[in-house]
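Okay, so here's the structure we're looking at.
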Amino acid sequence: MYSRIAGTGSYLPEKILTNKDLEALVDTDDAWIRDRTGIVERRIAAEGQTTCDLAEQAARAALAASGLAPSDIDLLIVGTTTPDVVFPSTACLLQQRLGMGECGAFDINAACTGFIYGLSVADQFIRAGTVKRVLVVGAETLTRMLDWSDRSTCVLFGDGAGAAVLVADQEPGILSTHIHANGGYSHLLKVDVGVSRGFKAEPRGGLSVQMVGNEVFKVAVNTLGRIVDETLEANQLGQGDLDWLVPHQANLRIIKATAKKLQMSMDQVIVTVDRHGNTSAASVPLALDEAVRSGRIKRGDRLLLEAFGGGFTWGSALVVF
Ligand code: COA
């Protein structure tokens, strides 16, 4: 038994924040941001619009694409680091919003790797025969926890949501998933406040993403190179055997390094970072959905999905779409 992606969906908030807009906020410029990250603009959730609001739109689109109703779903997984509230989980809120039955519903916090982690868990549940239909969502309002005076982080992130419906099938489907973490790198990328520690951050105050960008960059390039090898080896595939790379959208230079490692032309790489920025757990399903809806990714194509994020966490999925 395999799991197969039956439908995808995504949603972006309406408000666009351009690099030019950011020039008015911090000491930066459009040319620097484009050159160092590939980002041109990003979306910002409207006031009062929550992660669950974004997730709902993406989930409804994925369900419609799969031809399934909310009540058909056996398990709901939401990857997010920006939940509406501490609890109930965003998955529980979304379950109620969609009018699903009493299926299991939980969040995964694996930062930018949240959707890949969710896909991996969903795949294991389906392969084990425990459930037949799983809705996996990656949804974030990361701009809610940016320090808008810190130019090294506030130019990088955006809001959005993406989703996929997985169904049990005799044919693949997801060929393999690979997930990893190394908490030894937690100091390089973090939001240093929380319930148990208290909401007072030291030495800096407030709820904000803190990152040692150039260190993260180096580890990301190296680690993504390793997971690409691991994924190909696990499936006894070579570098020429992939149709598409659907990477996490953090930085165009990181994406290009992974494509180079795979000896793939940039024509075979789905890039949305220019328009979305880094939407964390939403970035891979947003890119996937965009490529599916535009007709670039077709049924039967072989895709490599990968992500890297705070934790550090990283993961991949090899998928026959
Ligand atoms: N505008 C203009 N200058 C900026 C800037 C901005 N928005 N942000 C940083 N700079 C400056 C720095 O202050 C530094 O100046 P200095 O040399 O005078 O000290 C200079 O640019 C170089 O900074 P550095 O951090 O070394 O740049 P970089 O080439 O590594 O690019 C990132 C910075 C953040 C774009 C890059 O490191 C990156 O993308 N890292 C990984 C991010 C990531 O993947 N994060 C999430 C993982 S999910």
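Cross-link partners for residue 15 among the lysines, with Cα-Cα distance under 19 Å and sequence neighbours closer than 8 places in the same chain left out, do not exist in this structure. Using a probe of 1.4 Å, the accessible surface attributed to residue 275 totals some 80 Å² when neighbouring protein chains are kept in position. Remark: the range 227-321 is approximated by an ellipsoid whose semi-axes, taken from the C-alpha gyration tensor as √(5λ), come to 18, 16, 12 Å, largest first.
Note on exposure: 130, 28, 279 ranked by accessible area (1.4 Å probe, complete protein assembly) read 130, 28, 279, with the most exposed listed first. For the chain, give the percent of accessible area contributed by carbon and sulfur heavy atoms, probe 1.4 Å, rounded to a whole number. C and S atoms contribute 50 percent here.
In the frame of its principal axes, the range 1-134 has Cα extents of 53, 30, 28 Å, reported largest first. Distance between the 7 Å Cα→Cβ label points at residue 301 and residue 199: 4.4 nm. Amide hydrogen proximity for residue 79: with H placed 1.01 Å from N in the peptide plane, the residues at 5 or more positions away or on another chain lying under 5 Å are 108, 137, 138, 139. Accessible surface calculations at 1.4 Å, restricted to protein heavy atoms, place the range 1-149 at 42 Å² per residue. Placing dummy labels 7 Å off each Cα toward the beta-carbon, the span from residue 25 to residue 226 is 3.4 nm. In summary, the lysines within cross-link reach of residue 256, defined as a Cα separation below 26 angstrom excluding same-chain residues under 8 places away, comprise 20, 190, 218, 298. Taking all protein chains together, 56, 14, 47 sort by accessible area into 47, 14, 56, largest first [probe 1.4 Å].
Result for the chain in a Gaussian network model with C-alpha springs under 10 Å: among 247, 88, 172, the largest mean-square fluctuation is at 88. With the convex hull drawn over the C-alpha atoms of the range 93-161, the volume per residue is 94 Å³.
A straight line joining the Cα centroids of the range 134-180 and the range 233-302 runs 13 Å.
Cross-link partners for residue 132 among the lysines, with Cα-Cα distance under 20 Å and sequence neighbours closer than 8 places in the same chain left out, do not exist in this structure.
Take residue 141: with every protein chain present and a 1.4 Å probe, its accessible area is about 10 Å². On a per residue basis, the convex hull of the C-alpha atoms belonging to the chain measures out at 126 Å³. Maximal additional length on extending the residue 180-residue 46 stretch stands at 44.9 nm, based on 0.36 nm per residue less the C-alpha distance. Using a basic spin-label model with each label point 7 Å from the Cα along Cα→Cβ, how many nm lie between residue 235 and residue 16? My value for the distance between the label points is 3.4 nm. Note on the chain: antiparallel DSSP beta bridges, both residues inside, total approximately 70 percent of the bridges counted. Note on the chain: helix-only mean residue ellipticity at 222 nm, from DSSP H runs of 4+ residues weighted -39500 (n - 2.57) and normalised by residue number, equals -9500 deg cm²/dmol.
Note on the chain: dipole from Cβ charges, positive end direction compared against 80, 100, 214; the farthest Cα belongs to 214. Couplings 3J(HN,Hα) for the range 174-179, derived from phi with the Karplus relation 6.51 cos²θ - 1.76 cosθ + 1.60 (θ = phi - 60°), are 6, 7, 7, 10, 9, 10 Hz, where x marks Gly and Pro.
The values are calculated or read from the model by the stated rules, or taken from the named source; none is laboratory data. Computed from a predicted model, the values in this text were never measured in an experiment. We place every Cβ from the backbone using ideal geometry, glycine too, and count neighbours over all the protein chains shown. Just the protein is used for accessible areas: all its heavy atoms, side chains included, with ligands, DNA and RNA removed. Shrake-Rupley method; radii C 1.70, N 1.55, O 1.52, S 1.80 Å.
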